[in-house]
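Okay, so here's the structure we're looking at.
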Amino acid sequence: MAPSITGLTYGLLLLGALPRIITATPVAGLNVDSEVVGQVPLPNTPFEAAVEHDAVFVDTESQSDEAADESILAPSWWVSTLMARRLLALSTSGVVSTVFPDPLPPKSHAPAEVAGQSISLKEYFADCDEALPAGVGNGGDGSPTFLALYIATTFRNTAAGSNISLSIDWWDHLNNTKPVFPGFPLSPAGLPRVTLFGYIEPFETPVPQETESALRSCYTQAHPDSQAWLPGRLGSPHGSYWAKMVVTQVYWIGGFGGFQQIGWMNVTEWNGIRRMGSLPGIGDGRGWEDVRLPGETE
């Protein structure tokens, strides 16, 4: 018998060892042919209580114990953090969210109604900390680098005191991946995404020549077009400066609940991972080069 969608996607009730109600993605709305076993109706309660009673359904008769056991083994939080760091390292753009100051500054061109509201914009970034000289960088601690434009709304807001979040995903690689299990359609929702929370910290100016050279080399490799607005470039359409994002919190969605971890990551682990390993006492010593994201080839 072919494995059912509910059984392979949310195989979390093996041998009665796990509770029948856990926090995960609900499947009550799925249109499936196989019989749903173990349905727990949601009570008519406020949102918080409904989340606590989020139901997971499993068809335990359509698969062997061994197959079901393999289907629910999500990566550990440590491996998930390695994957998140790899996602950052391989990405070059994401959605950045900031908050408009309230009140708006006198010369602001923004409508008064947006004061105190958030705005999300696609922005370039690069994972350049590893390329920086010792004493300036930290060997690759997961702090994204920005070539910030003075005129850009994002960096106007951070200059006015806004914190920042950066959301990146692996969804553009969907066609290189395989279905979660046979018969299930390719799904961006099953692929990783991560949101970093923190604040912008400009590099001290004037930037030392060795640091400037390292920043330019790393950043223009990720974004060749950025040569047009490098700091101090004659004829640049906009003034710019180098800055990094100091990461204070990390929220990870590895994919579908049950197959992947979903939640808040250990920031000490995030900062302690390097390309080829991790700092002493961090995880099992591996680095983000030791893992692969869905659809990657060796």
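Placing a label point 7 Å from the Cα of residue 251 along the Cα-to-Cβ direction, the residues of region 106-128 whose backbone N falls under 15 Å of that point are 118-120. A P(r) calculated from all alpha carbon pairs of region 152-271, with 10 Å bins opening at zero, reads 11, 29, 31, 20, 8, 1 percent. Projected onto their three principal axes, the Cα atoms of region 207-283 cover extents of 53, 31, 21 Å, largest first.
So if each residue of separation counts as 0.36 nm, and I subtract the Cα-Cα distance between residue 201 and residue 292, what length gain in nm does that give? Walk me through the numbers before you get to the answer.
Details: separation 91, 0.36 × 91 = 32.76 nm, distance 3.02 nm.
Fully extending the segment from residue 201 to residue 292 adds 29.7 nm.
The residues of region 134-223 expose, per residue, 52 Å² of accessible area to a 1.4 Å probe. Size descriptors for region 86-184, from the alpha-carbon set: Rg then Dmax equal 17.6, 59 Å.
Hey, any idea what % of region 181-298's accessible area is carbon plus sulfur with a 1.4 Å probe? Carbon with sulfur: 53 percent of the solvent-accessible area.
For region 257-298, the convex hull spanned by the alpha carbon atoms encloses 93 Å³ per residue.
The values are calculated or read from the model by the stated rules, or taken from the named source; none is laboratory data. All values reported here derive from a predicted model rather than from experimental measurement. Glycine gets a Cβ as well: all are built from the backbone with ideal geometry, and neighbour counts include every protein chain shown. Surface accessibility is based on the protein's heavy atoms, side chains included, excluding ligands, DNA and RNA. Shrake-Rupley method; radii C 1.70, N 1.55, O 1.52, S 1.80 Å.
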